Amino acid sequence: MNDKVVWITGASSGIGEATALRFAKEGWKVVVSARRVELLNKLAENENIYSYPLDITDTIKIKEVFESIIKDLGKIDLCIFSSGTYERKSEKEISVENIKQVIDVNFLGIINSVSSVEKYFKENKSGHIAIVSSPVGYRGLPKSSGYTPSKAALNNFTQGIYFDFQKFNVRITLITPGFIKTALTDKNEFKMPFLKTPEYAANKIFEGLVNKQAFEIIFPPQIAIIYKIFQILPNRMYNYLISKFVNR
Ligand SMILES: NC(=O)c1ccc[n+]([C@@H]2O[C@H](COP(=O)([O-])OP(=O)(O)OC[C@H]3O[C@@H](n4cnc5c(N)ncnc54)[C@H](OP(=O)(O)O)[C@@H]3O)[C@@H](O)[C@H]2O)c1
(Lines give C-alpha, C1' and ligand atoms only; values in the text may rest on other atoms or scores of the structure.)
Protein backbone atom coordinates (compact mmCIF):
# COMPACT_ATOMS: atom_id res chain seq x y z
CA MET A 1 0.00 0.00 0.00
CA ASN A 2 1.22 3.50 -0.79
CA ASP A 3 -0.45 6.91 -0.45
CA LYS A 4 -0.21 7.92 -4.11
CA VAL A 5 -3.24 9.10 -6.10
CA VAL A 6 -3.58 8.65 -9.89
CA TRP A 7 -6.39 10.16 -12.00
CA ILE A 8 -7.09 8.18 -15.18
CA THR A 9 -9.48 9.40 -17.90
CA GLY A 10 -10.78 7.04 -20.58
CA ALA A 11 -10.91 4.43 -17.83
CA SER A 12 -14.31 2.90 -18.64
CA SER A 13 -12.73 0.48 -21.14
CA GLY A 14 -9.59 -0.64 -22.98
CA ILE A 15 -6.16 0.72 -22.10
CA GLY A 16 -7.45 3.14 -19.44
CA GLU A 17 -9.44 0.44 -17.61
CA ALA A 18 -6.54 -2.07 -17.64
CA THR A 19 -4.17 0.66 -16.41
CA ALA A 20 -6.57 1.55 -13.58
CA LEU A 21 -6.65 -2.07 -12.42
CA ARG A 22 -2.84 -2.29 -12.63
CA PHE A 23 -2.28 0.80 -10.46
CA ALA A 24 -4.97 -0.32 -7.98
CA LYS A 25 -3.24 -3.70 -7.67
CA GLU A 26 -0.06 -1.84 -6.69
CA GLY A 27 -1.90 -0.05 -3.87
CA TRP A 28 -2.39 3.32 -5.58
CA LYS A 29 -5.65 5.18 -5.02
CA VAL A 30 -7.12 5.30 -8.54
CA VAL A 31 -9.67 7.88 -9.68
CA VAL A 32 -11.43 6.75 -12.87
CA SER A 33 -13.21 9.08 -15.30
CA ALA A 34 -15.12 8.68 -18.59
CA ARG A 35 -18.74 9.19 -19.70
CA ARG A 36 -20.23 5.70 -19.14
CA VAL A 37 -21.18 5.86 -15.48
CA GLU A 38 -22.28 2.23 -15.11
CA LEU A 39 -18.91 0.91 -16.35
CA LEU A 40 -17.01 3.23 -14.01
CA ASN A 41 -19.18 2.21 -11.05
CA LYS A 42 -18.53 -1.46 -11.83
CA LEU A 43 -14.78 -0.76 -11.96
CA ALA A 44 -15.04 1.08 -8.64
CA GLU A 45 -16.25 -2.14 -7.00
CA ASN A 46 -12.53 -3.02 -6.98
CA GLU A 47 -10.50 -1.98 -3.96
CA ASN A 48 -8.75 1.44 -4.28
CA ILE A 49 -10.83 2.59 -7.30
CA TYR A 50 -13.09 5.68 -7.16
CA SER A 51 -15.56 6.69 -9.89
CA TYR A 52 -15.78 10.33 -11.07
CA PRO A 53 -17.78 10.40 -14.34
CA LEU A 54 -16.85 13.10 -16.83
CA ASP A 55 -16.99 14.20 -20.46
CA ILE A 56 -13.53 15.67 -21.12
CA THR A 57 -14.94 18.14 -23.65
CA ASP A 58 -16.93 19.82 -20.86
CA THR A 59 -14.61 22.59 -19.65
CA ILE A 60 -16.69 23.45 -16.58
CA LYS A 61 -17.36 19.89 -15.42
CA ILE A 62 -13.69 18.92 -15.69
CA LYS A 63 -12.68 21.66 -13.24
CA GLU A 64 -15.48 20.59 -10.87
CA VAL A 65 -14.29 16.98 -11.01
CA PHE A 66 -10.70 18.07 -10.33
CA GLU A 67 -11.85 20.03 -7.26
CA SER A 68 -13.95 17.09 -6.01
CA ILE A 69 -10.96 14.74 -6.28
CA ILE A 70 -8.75 17.13 -4.27
CA LYS A 71 -11.52 17.58 -1.68
CA ASP A 72 -12.22 13.84 -1.35
CA LEU A 73 -8.75 12.29 -1.74
CA GLY A 74 -6.55 15.21 -0.69
CA LYS A 75 -4.21 15.28 -3.69
CA ILE A 76 -3.30 14.04 -7.16
CA ASP A 77 0.22 12.76 -7.87
CA LEU A 78 -0.18 11.48 -11.42
CA CYS A 79 -2.66 12.00 -14.27
CA ILE A 80 -3.01 9.55 -17.15
CA PHE A 81 -5.20 11.12 -19.82
CA SER A 82 -6.25 8.21 -22.03
CA SER A 83 -9.63 9.31 -23.44
CA GLY A 84 -9.87 9.05 -27.20
CA THR A 85 -12.22 8.30 -30.08
CA TYR A 86 -11.90 6.76 -33.55
CA GLU A 87 -14.53 5.80 -36.15
CA ARG A 88 -12.59 4.35 -39.08
CA LYS A 89 -15.58 4.23 -41.41
CA SER A 90 -16.16 7.99 -40.98
CA GLU A 91 -12.58 8.78 -42.01
CA LYS A 92 -12.35 7.40 -45.55
CA GLU A 93 -13.69 10.62 -47.02
CA ILE A 94 -13.20 14.09 -45.60
CA SER A 95 -16.09 14.79 -43.25
CA VAL A 96 -15.64 18.15 -41.57
CA GLU A 97 -18.18 17.20 -38.92
CA ASN A 98 -16.34 13.97 -38.05
CA ILE A 99 -12.97 15.70 -37.98
CA LYS A 100 -14.28 18.43 -35.66
CA GLN A 101 -15.69 15.82 -33.31
CA VAL A 102 -12.45 13.79 -33.25
CA ILE A 103 -10.31 16.90 -32.66
CA ASP A 104 -12.74 18.00 -29.96
CA VAL A 105 -12.15 14.82 -27.93
CA ASN A 106 -8.64 13.65 -28.88
CA PHE A 107 -6.94 17.04 -28.90
CA LEU A 108 -9.02 19.77 -27.23
CA GLY A 109 -10.42 17.32 -24.64
CA ILE A 110 -6.90 16.40 -23.56
CA ILE A 111 -5.94 20.08 -23.43
CA ASN A 112 -8.97 20.65 -21.14
CA SER A 113 -7.72 17.83 -18.97
CA VAL A 114 -4.18 19.22 -18.73
CA SER A 115 -5.54 22.71 -18.12
CA SER A 116 -7.60 21.47 -15.15
CA VAL A 117 -4.45 20.41 -13.24
CA GLU A 118 -1.93 22.95 -14.58
CA LYS A 119 -2.17 25.53 -11.79
CA TYR A 120 -2.29 22.86 -9.05
CA PHE A 121 0.84 21.03 -10.24
CA LYS A 122 2.78 24.21 -11.05
CA GLU A 123 2.02 25.76 -7.65
CA ASN A 124 2.97 22.53 -5.87
CA LYS A 125 6.16 22.29 -7.97
CA SER A 126 5.55 18.56 -8.32
CA GLY A 127 3.33 16.15 -10.26
CA HIS A 128 3.28 14.04 -13.37
CA ILE A 129 1.03 14.17 -16.45
CA ALA A 130 0.99 11.29 -18.94
CA ILE A 131 -0.86 11.64 -22.25
CA VAL A 132 -1.97 8.62 -24.26
CA SER A 133 -1.51 9.57 -27.90
CA SER A 134 -0.34 7.38 -30.79
CA PRO A 135 2.72 6.75 -32.97
CA VAL A 136 0.42 7.23 -36.02
CA GLY A 137 0.62 10.94 -35.20
CA TYR A 138 4.21 10.99 -36.41
CA ARG A 139 3.32 10.79 -40.13
CA GLY A 140 0.23 10.87 -42.34
CA LEU A 141 -1.73 7.71 -43.12
CA PRO A 142 -4.49 6.84 -45.62
CA LYS A 143 -8.15 6.62 -44.50
CA SER A 144 -7.40 8.59 -41.35
CA SER A 145 -8.46 12.17 -42.03
CA GLY A 146 -9.31 12.98 -38.40
CA TYR A 147 -7.69 10.50 -36.00
CA THR A 148 -4.09 10.70 -37.27
CA PRO A 149 -4.05 14.53 -37.45
CA SER A 150 -5.58 14.71 -33.94
CA LYS A 151 -2.75 12.54 -32.61
CA ALA A 152 -0.14 14.53 -34.57
CA ALA A 153 -1.36 17.67 -32.82
CA LEU A 154 -1.37 15.85 -29.48
CA ASN A 155 2.18 14.51 -29.88
CA ASN A 156 3.37 18.02 -30.71
CA PHE A 157 1.42 19.60 -27.82
CA THR A 158 2.79 17.04 -25.34
CA GLN A 159 6.38 17.65 -26.40
CA GLY A 160 5.83 21.41 -26.17
CA ILE A 161 4.41 21.37 -22.66
CA TYR A 162 7.25 19.08 -21.55
CA PHE A 163 9.45 22.20 -21.57
CA ASP A 164 6.84 24.51 -20.01
CA PHE A 165 6.19 22.16 -17.07
CA GLN A 166 9.82 21.10 -16.63
CA LYS A 167 10.55 24.53 -15.11
CA PHE A 168 8.03 23.73 -12.36
CA ASN A 169 9.40 20.26 -11.65
CA VAL A 170 6.31 18.66 -13.26
CA ARG A 171 7.04 15.61 -15.39
CA ILE A 172 5.33 15.12 -18.78
CA THR A 173 5.23 11.72 -20.49
CA LEU A 174 4.01 10.82 -23.97
CA ILE A 175 2.51 7.32 -24.30
CA THR A 176 2.37 5.94 -27.85
CA PRO A 177 0.96 2.40 -27.99
CA GLY A 178 1.02 0.17 -31.04
CA PHE A 179 -2.09 -1.91 -31.84
CA ILE A 180 -3.93 -2.92 -28.65
CA LYS A 181 -7.08 -5.07 -28.75
CA THR A 182 -9.86 -2.75 -27.51
CA ALA A 183 -13.29 -1.51 -28.64
CA LEU A 184 -11.46 1.22 -30.56
CA THR A 185 -9.46 -1.20 -32.74
CA ASP A 186 -12.10 -3.97 -32.88
CA LYS A 187 -13.68 -1.91 -35.69
CA ASN A 188 -10.57 -2.29 -37.89
CA GLU A 189 -11.22 -4.68 -40.76
CA PHE A 190 -7.51 -5.35 -41.45
CA LYS A 191 -5.11 -7.68 -39.63
CA MET A 192 -3.31 -5.56 -37.05
CA PRO A 193 0.42 -6.33 -36.77
CA PHE A 194 1.93 -7.06 -33.33
CA LEU A 195 -1.52 -6.79 -31.67
CA LYS A 196 -1.29 -6.82 -27.84
CA THR A 197 -3.76 -7.00 -24.95
CA PRO A 198 -4.80 -4.03 -22.79
CA GLU A 199 -3.07 -5.76 -19.85
CA TYR A 200 0.21 -5.79 -21.81
CA ALA A 201 -0.24 -2.05 -22.44
CA ALA A 202 -1.07 -1.43 -18.77
CA ASN A 203 2.13 -3.19 -17.63
CA LYS A 204 4.26 -1.14 -20.06
CA ILE A 205 2.55 2.06 -18.91
CA PHE A 206 2.96 1.25 -15.20
CA GLU A 207 6.64 0.31 -15.58
CA GLY A 208 7.39 3.34 -17.77
CA LEU A 209 5.69 5.85 -15.48
CA VAL A 210 6.73 4.46 -12.10
CA ASN A 211 10.11 2.79 -12.67
CA LYS A 212 11.59 4.62 -15.68
CA GLN A 213 12.21 8.23 -16.66
CA ALA A 214 11.91 8.36 -20.48
CA PHE A 215 9.78 11.11 -22.10
CA GLU A 216 8.07 8.60 -24.42
CA ILE A 217 6.65 5.17 -23.56
CA ILE A 218 6.30 3.39 -26.91
CA PHE A 219 5.44 -0.31 -27.26
CA PRO A 220 5.66 -3.08 -28.37
CA PRO A 221 9.35 -2.99 -29.40
CA GLN A 222 8.57 -3.83 -33.07
CA ILE A 223 6.32 -0.73 -33.34
CA ALA A 224 8.97 1.36 -31.57
CA ILE A 225 11.57 0.33 -34.17
CA ILE A 226 9.23 0.78 -37.16
CA TYR A 227 8.24 4.27 -36.02
CA LYS A 228 11.81 5.35 -35.29
CA ILE A 229 12.57 4.44 -38.92
CA PHE A 230 9.36 6.06 -40.24
CA GLN A 231 10.29 9.31 -38.51
CA ILE A 232 13.56 9.65 -40.42
CA LEU A 233 12.58 8.20 -43.82
CA PRO A 234 12.49 10.74 -46.68
CA ASN A 235 8.96 11.40 -48.01
CA ARG A 236 9.68 9.53 -51.24
CA MET A 237 10.47 6.28 -49.38
CA TYR A 238 7.77 6.66 -46.73
CA ASN A 239 5.11 7.38 -49.40
CA TYR A 240 6.28 4.39 -51.46
CA LEU A 241 6.09 1.98 -48.50
CA ILE A 242 2.69 3.16 -47.31
CA SER A 243 1.27 3.11 -50.89
CA LYS A 244 2.55 -0.42 -51.45
CA PHE A 245 1.77 -2.07 -48.12
CA VAL A 246 -0.99 -0.03 -46.41
CA ASN A 247 -3.01 1.82 -49.07
CA ARG A 248 -4.26 -1.25 -50.95
N1 LIG B 1 -6.13 0.50 -29.02
C2 LIG B 1 -5.07 0.91 -29.71
O3 LIG B 1 -4.52 0.16 -30.53
C4 LIG B 1 -4.50 2.28 -29.51
C5 LIG B 1 -3.27 2.58 -30.11
C6 LIG B 1 -2.72 3.85 -29.93
C7 LIG B 1 -3.39 4.77 -29.15
N8 LIG B 1 -4.58 4.45 -28.57
C9 LIG B 1 -5.23 5.48 -27.74
O10 LIG B 1 -5.46 4.94 -26.47
C11 LIG B 1 -6.54 5.62 -25.85
C12 LIG B 1 -7.52 4.62 -25.27
O13 LIG B 1 -8.12 3.92 -26.35
P14 LIG B 1 -8.55 2.39 -26.23
O15 LIG B 1 -7.89 1.67 -27.33
O16 LIG B 1 -8.39 1.93 -24.84
O17 LIG B 1 -10.09 2.49 -26.67
P18 LIG B 1 -11.45 2.44 -25.85
O19 LIG B 1 -11.58 1.16 -25.11
O20 LIG B 1 -12.50 2.82 -26.84
O21 LIG B 1 -11.25 3.61 -24.78
C22 LIG B 1 -11.53 4.95 -25.05
C23 LIG B 1 -11.88 5.61 -23.74
O24 LIG B 1 -12.04 7.01 -23.96
C25 LIG B 1 -13.24 7.41 -23.29
N26 LIG B 1 -13.79 8.60 -23.93
C27 LIG B 1 -14.16 8.78 -25.22
N28 LIG B 1 -14.68 9.99 -25.39
C29 LIG B 1 -14.65 10.60 -24.17
C30 LIG B 1 -15.08 11.87 -23.68
N31 LIG B 1 -15.64 12.78 -24.48
N32 LIG B 1 -14.89 12.14 -22.37
C33 LIG B 1 -14.32 11.24 -21.54
N34 LIG B 1 -13.89 10.04 -21.94
C35 LIG B 1 -14.07 9.72 -23.24
C36 LIG B 1 -14.16 6.20 -23.42
O37 LIG B 1 -15.14 6.21 -22.37
P38 LIG B 1 -16.66 6.69 -22.49
O39 LIG B 1 -17.17 6.25 -23.83
O40 LIG B 1 -17.29 5.99 -21.34
O41 LIG B 1 -16.61 8.17 -22.32
C42 LIG B 1 -13.17 5.08 -23.14
O43 LIG B 1 -13.01 4.90 -21.75
C44 LIG B 1 -7.13 6.53 -26.94
O45 LIG B 1 -6.65 7.84 -26.76
C46 LIG B 1 -6.59 5.94 -28.21
O47 LIG B 1 -6.51 6.88 -29.25
C48 LIG B 1 -5.16 3.23 -28.73
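Structural remarks
- Charged neighbours of K29, selected by a Cβ distance under 12 Å, balance to -3 (K, R count +1; D, E count -1).
- For the set K75/K167; K4/K167; K122/K204; K122/K212; K29/K125; K71/K196, the pairs lying more than 30 angstrom apart at their alpha carbons are K71/K196.
- Over the stretch 4-143 - Rg/Rh using Cα atoms and the Kirkwood inverse-distance radius: 0.99
- Calculation over all alpha carbon pairs of the chain in 10 angstrom steps from 0 returns a P(r) of 7, 32, 38, 18, 5, 0 percent.
- On Cα atoms only, tilt of 110-124 relative to the major axis of the chain in degrees: 40 degrees
- The chain: most fluctuating residue of S150, S95, S13 per GNM, C-alpha cutoff 10 Å: S95
- Under the convention that each Lys and Arg Cβ holds +1 and each Asp and Glu Cβ holds -1, the size of the dipole of the stretch 127-248 around its Cα centre is about 380 debye.
- Here's the picture: charge each Lys and Arg Cβ at +1 and each Asp and Glu Cβ at -1 in the chain, and of F107, I80, P220 the one pushed furthest to the positive end of that dipole is P220.
- Computed over the chain with a Gaussian network model linking Cα atoms closer than 10 Å, the most mobile of K71, K191, K29 is K191.
- Taking all protein chains as they are arranged and a probe of 1.4 Å, the heavy atoms of E97 leave approximately 120 Å² accessible to solvent.
- Heavy-atom accessible area for K212, with the other protein chains in place and a 1.4 Å probe, reaches approximately 120 Å².
- Result for the chain in a Gaussian network model with C-alpha springs under 10 Å: among F194, F157, F66, the largest mean-square fluctuation is at F194.
- Tilt relative to the chain, helix 235-245 - C-alpha long axis, 0 to 90 degrees, to 10: 90 degrees
- For L233, solvent-accessible area (1.4 Å; no DNA, RNA or ligand), Å²: 30 Å²
- Heavy-atom accessible surface of the stretch 24-145: percent carbon and sulfur, 1.4 Å: 50 percent
- Of the listed residues W28, W7, the order by accessible area with a 1.4 Å probe, largest first, is W28, W7.
- Heavy-atom accessible area per residue - the stretch 5-245, 1.4 Å, Å²: 49 Å²
The values are calculated or read from the model by the stated rules, or taken from the named source; none is laboratory data. Since this is a predicted model, take the numbers as computed values, not measurements. As a convention, Cβ positions derive from the backbone with ideal geometry for all residues, glycine included, and neighbour counts pool all protein chains shown. SASA here: full protein model, heavy atoms, side chains in, ligands and nucleic acids out. Shrake-Rupley method; radii C 1.70, N 1.55, O 1.52, S 1.80 Å.
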